[in-house]
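Q: Before I ask anything, here is the structure I am working with.
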Amino acid sequence: MSNKFWVGGTGDWSDTDHWASTSGGSSPEVCDSYSESNYSNICSIVYSAYPERGQSFEGNGGTLNSVKFYIEKNGSPTGNCYAKIYAHTGTFGTSSVPTGSVLATSDALDVSTLATSFALTTFTFSGDDKITLTDGTYYCVLLSYSGGDSSNRLFLAEDYSTPTHGGNNLYYKTSETAWKYDADYDVCFYVYTDEDTSGASIPTSSDDVFIDENSGFGSGGTITLDESLSSCNDFTCNSGDSFTIETGQADYDLYVQGDFTLESGVTWGVDKVFFGIVLS
């Protein structure tokens, strides 16, 4: 017996991408990183004169989830900052710089909310910006902030003492309208990808099913029972959201071996629920 949590909002019961072993899906995996423990009291400035700074890194074949930088604000900057992913050109670890248009941009983060001392800060990617980072392919990850001035800016932590990351530091210089690189520095960063769920499976009659606040129905949606024999042990629906559970055909039913809990906000479109019948 195991727990099966619905994730990702609207979808079909038989789609394994919608089932996870923990609420909201498992923790993201580190694709590439250079720990903040390497910070050597050296930092780069990020503002309109140097609006993007970061590091080259290597993809792992996963789907981009989030990025962390070790940053702080200086003065009173305003506006939003972002993490961005670019394609890579140059020699990895020596002369890496971005090329082409940005591949992915994180959700906005209000710079006024940043700490005035260095802290790991998370930038989350969503929608079409959750790109695949091809295994073995080099990319560039950058902290992007185009506002501020020389007194109101962001500081990005780096290692200048004994940098050991495989990639290299890179940045954009507005006065020269050009990308630059510096192999003597490494930025402290983390790039995360979604955990590989290719081995996930749909519930069986021995699995407990949960539809909860992390199932992705904040804006509504539909779960479609698209098999004639959808089954589980306990069925617990307590997301706090309003959405629909329906069948793909009139004779597609749900078989529940244990307890059945359904919250009031759900539109129930399943014709029959059978209890205590073991499917073979």
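The values are calculated or read from the model by the stated rules, or taken from the named source; none is laboratory data. Here the structure is a predicted model, which is why all the values come from computation and not from measurement. Counting neighbours? That spans all protein chains shown, and the Cβs are built from the backbone with ideal geometry, glycine included.
Q: Anything in the range 57-79 that is of a type in the set (S, T, N, Q), assigned to a strand (DSSP E or B) and more than 19 Å from the chain's Cα centre (by Cα)? List them, or say none.
A: 74
Q: So, one more: Given 118, 123, which one is without any contact (Cβ under 8 Å) to a residue 60 or more places away in the chain, over 20 Å from residue 167 (Cα atoms) and in the same structural domain as residue 165 (by TED's automatic domain parsing)?
A: 123
Q: Next up: Find the strands (runs of 3 or more DSSP E) located wholly in the range 102-195 whose residues include 2 or more that are over 22 Å from the mean Cα position of the chain (by Cα) and on the phi < 0 side of the Ramachandran plot, and list them.
A: 153-159, 169-173, 178-182
Q: In this structure, does residue 90 turn out to be modelled with pLDDT under 95 and either on the phi < 0 side of the Ramachandran plot or surrounded by 15 or more Cβ atoms within 10 Å (Cβ to Cβ) (or both)?
A: So residue 90 does not fit the description; no.
Q: Something else: Search the range 93-128 for residues being at pLDDT 95 or above and among the charged types (D, E, K, R), and hand back the single one that is farthest from residue 63 (Cα to Cα).
A: 110
Q: Just to check your reading of the model, which residue among 232, 188, 237 is hydrophobic (A, V, I, L, M, F, W, C), surrounded by 20 or more Cβ atoms within 10 Å (Cβ to Cβ) and under 30 Å from residue 34 (Cβ atoms)?
A: Answer to the selection: 188.
Q: Here is a follow-up. Criterion first (without any contact (Cβ under 8 Å) to a residue 60 or more places away in the chain and within 18 Å of residue 190 (Cβ to Cβ)) does residue 86 satisfy it?
A: It is true that residue 86 is without any contact (Cβ under 8 Å) to a residue 60 or more places away in the chain and within 18 Å of residue 190 (Cβ to Cβ).
Q: Testing residue 204 on (1) in the same structural domain as residue 48 (by TED's automatic domain parsing); (2) surrounded by fewer than 18 Cβ atoms within 10 Å (Cβ to Cβ); (3) of a type in the set (Val, Ile, Thr), one condition comes back false. Which one is that?
A: Just one mismatch for residue 204, condition (1).
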